1. Hey, what number do you get for the chain at 222 nm if only DSSP H runs of n ≥ 4 count, each worth -39500 (n - 2.57), divided across all residues, to the nearest 500?
2. Got a number for carbon plus sulfur as a percent of the chain's accessible area, 1.4 Å probe?
3. Compute for the chain: radius of gyration divided by Kirkwood radius, i.e. Rg/Rh, restricted to C-alpha atoms, rounded to two decimals.
4. Keeping to pairs on different chains or 8 or more places apart, tell me how many lysine pairs in the chain have Cα atoms under 17 Å apart.
5. Report ³J(HN,Hα) in whole Hz for each residue of the stretch 68-75, in order, from the Karplus equation J = 6.51 cos²θ - 1.76 cosθ + 1.60 where θ = phi - 60°; Gly and Pro get x.
6. About the Cα centre of the chain, what is the dipole size in debye to 20, counting +1 per Lys and Arg Cβ and -1 per Asp and Glu Cβ, all else neutral?
7. Using the Karplus curve 6.51 cos²θ - 1.76 cosθ + 1.60 with θ = phi - 60°, what ³J(HN,Hα) values do you get for each residue of the stretch 13-29, in whole Hz, with x for Gly and Pro?
8. What's the angle, to the nearest 10 degrees (0 to 90), between helix 2-12's Cα axis and the longest principal axis of the chain?
Amino acid sequence: MSNIIDKIQTEQLKKEVPNFKVGDTVKVHTRVVEGDKERIQIFAGIVICRRGSSLNEAFTVRKISYGEGVERVFPLHSPKVATIEVTKSGKVRRARLHYLRSRKGKKAMLVKEESRAVSA
């Protein structure tokens, strides 16, 4: 019985998932259905949390919209998520960035930028 479940789950996994981590700034392209039309809507913000594994993996993105903090949880392998585009890499020392919720203004979206220097 579990072989059947594993087979179905592996079929539903997305093949091309970008490599991103907590602290990165991402643009999540989501499919939105309005009536009989479908369009792509972009939700851009900082990844503050990743949880789960394989088919149940999800990540939380936080942004500031009109002075108000907005968080949204996306299932990683959902067909509603069209693409995930990594805009900026962040360097953090925590697995979850829930402390950003208590910050105000520009500090609320401030994460140290990761330098991609190659040592020779």
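1. On the way: 1 runs with 11 residues, N = 120.
Value at 222 nm, helices only, nearest 500: -3000 deg cm²/dmol.
2. Working: 4410 of 8730 Å².
C and S atoms contribute 51 percent here.
3. Numbers: Rg = 16.5 Å, Rh = 16.0 Å.
Using only Cα positions, Rg/Rh for the chain is 1.03.
4. 22
5. 10, x, 10, 10, 9, 9, 10, x
6. Working: 26 positive and 13 negative charges, 159 e Å.
About 760 debye.
7. With the stated coefficients, the stretch 13-29 comes to 5, 6, 7, 10, 10, x, 8, 9, 9, 5, x, 6, 8, 10, 10, 9, 8 Hz.
8. Roughly 60 degrees between the two axes.
The values are calculated or read from the model by the stated rules, or taken from the named source; none is laboratory data. This is a predicted model, so every value here is computed, not measured. So basically every Cβ, Gly included, is an ideal-geometry build from the backbone, and we count neighbours across all protein chains shown. The accessibility values were calculated without ligands, DNA or RNA, using every heavy atom of the protein model including side chains. Shrake-Rupley method; radii C 1.70, N 1.55, O 1.52, S 1.80 Å.
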